[in-house]
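> Submitted below is the structure of interest, expressed as structure tokens.
We did not get these values from a lab; they are worked out from the coordinates using the rules stated. The structure displayed is predicted, hence computed values, not measured ones. All Cβ positions, even for glycine, are placed from backbone atoms using ideal geometry, and neighbour counts span all protein chains on display.
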Amino acid sequence: MNIVLIGSGNVATVLGRKSLAAGHRIVQVYSRNADHANVLATRLGTTSTSYISSIERKADLMIIALRDDAVSYLVREIGEVRSILVHTAGALSINEVRGSNKSFGVLYPLQSLRKEIEILPALSILLEGNNVNTTRQLKEFAFSIAASVTEADDESRLKYHLAATMVNNFTNHLYGLAASFCEKENISFAVLQPLIEETAIRLRNTTPQKVQTGPAIRYDTVTIQKHRDLLKEYPDILNFYDLFTSEIQKSALSVTR
């Protein structure tokens, strides 16, 4: 496919590199920031523009990889295109790219993406097309760059987006709290890395409930109180500790009933 990338950030960079590696051609990169557009275009071996009026409108696929609140403005400004026009957001409706276009859809990469990474991660892509032919073409493209491809409408994508927020953003915040605690208590967060990785690996073959361990699920009140005593000077972390302890125990009770 001949592809135009709208954006020069994390998602645009990774999708551009994935597309290029799969044998697709990036014909242009657009960004409001001319320097950013040029940097990504150079990396992808193509041209760039910072003017909406100069965007190539006859490619096979145009991928809008912008902040959610910038998508509708771009679609209005760019007008009708001959490309399949897609956005990459999990929480936006497919109708955000409808405009006056005959072919439009969504390609949502369900992955944490950073443009600086050298080794590209495996992607899970959730997609939707406005008709059968568009969906077929988007599937063919998605399977060329992703390890997993799933059709998902607006409602399903939003649910996946919420679940992704919990397993990625929320857990990462907990890692941050633990890292801060380790630093202040002069112990190494790096020592926890094998534990973090092992828990994630186990989830490939079983459910989170079955791999749950720790003092909360054992109702080890002595250890729990020792932990709480350690956290007296960290009230924010203590709030999380008490909440999660309570919720883990509630979950365990619901399973046994």
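> Quick check on the stretch 249-257. Is at least one of its residues more than 32 Å from the chain's Cα centre (by Cα) and of a type outside the set (Ser, Thr, Tyr)? Show your work before the answer.
Kept after step one, since they are more than 32 Å from the chain's Cα centre (by Cα), are these residues of the stretch 249-257: 253, 256-257.
Narrowing the set further to residues that are of a type outside the set (Ser, Thr, Tyr) leaves 253, 257.
For the stretch 249-257, residues more than 32 Å from the chain's Cα centre (by Cα) and of a type outside the set (Ser, Thr, Tyr): present.
> Would a scan of the stretch 164-174 turn up a residue that is in contact (Cβ under 8 Å) with a residue 24 or more places away in the chain and within 18 Å of Leu110 (Cβ to Cβ)?
Let us first name the residues in the stretch 164-174 that are in contact (Cβ under 8 Å) with a residue 24 or more places away in the chain, namely 164, 168, 174.
Cutting the leftovers down to within 18 Å of Leu110 (Cβ to Cβ) gives us 164, 168.
Yes, that holds for at least one residue.
> Same structure again: Out of the stretch 86-107, which residues are of a type outside the set (Ser, Thr, Tyr) and within 20 Å of the chain's Cα centre (by Cα)? Full working, then the answer.
Start the filter on the stretch 86-107 by keeping residues that are of a type outside the set (Ser, Thr, Tyr), which leaves 86-87, 89-92, 94-99, 101-102, 104-107.
Once the filter is applied, which keeps residues that are of a type outside the set (Ser, Thr, Tyr) and within 20 Å of the chain's Cα centre (by Cα), the stretch 86-107 yields Val86, His87, Ala89, Gly90, Ala91, Leu92, Ile94, Glu96, Val97, Gly105, Val106, Leu107.
> Continuing with the same structure: So which residues in the stretch 114-153 are within 13 Å of Ala89 (Cα to Cα) and in contact with a helix residue (DSSP H, G or I) (Cβ under 6 Å, 6 or more places away or on another chain)?
Within the stretch 114-153, Ile125, Leu126, Leu127, Glu128 meet the criteria.
> Of all the residues that make up the stretch 152-202, how many are of a type in the set (A, V, I, L, M), under 29 Å from Glu233 (Cα atoms) and assigned to a helix (DSSP H, G or I)?
11
> Additional query: Report yes if Phe143 is aromatic (Phe, Trp, Tyr), part of a helix (DSSP H, G or I), surrounded by 11 or more Cβ atoms within 10 Å (Cβ to Cβ) and touching a Phe, Trp or Tyr at 6+ places or on another chain (Cβ under 7 Å), otherwise no.
Values: aromatic (Phe, Trp, Tyr): yes; part of a helix (DSSP H, G or I): yes; surrounded by 11 or more Cβ atoms within 10 Å (Cβ to Cβ): yes; touching a Phe, Trp or Tyr at 6+ places or on another chain (Cβ under 7 Å): no.
It is false that Phe143 is aromatic (Phe, Trp, Tyr), part of a helix (DSSP H, G or I), surrounded by 11 or more Cβ atoms within 10 Å (Cβ to Cβ) and touching a Phe, Trp or Tyr at 6+ places or on another chain (Cβ under 7 Å).
Yes/no per residue for (1) under 19 Å from Ala178 (Cα atoms); (2) more than 28 Å from the chain's Cα centre (by Cα):
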{"position": "Lys210", "(1), (2)": "no, no"}
{"position": "Ile224", "(1), (2)": "yes, yes"}
{"position": "Asn239", "(1), (2)": "yes, no"}
{"position": "Asp242", "(1), (2)": "yes, yes"}
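> Right, next: Residues of the stretch 1-42 being without any contact (Cβ under 8 Å) to a residue 12 or more places away in the chain and over 21 Å from Ala70 (Cα atoms), which ones?
Thr42
> Determine which single condition Val11 fails, assuming it passes every other condition in (1) under 14 Å from His87 (Cα atoms); (2) in a loop (DSSP other than H, G, I, E, B).
Here Val11 clears every test but (2).
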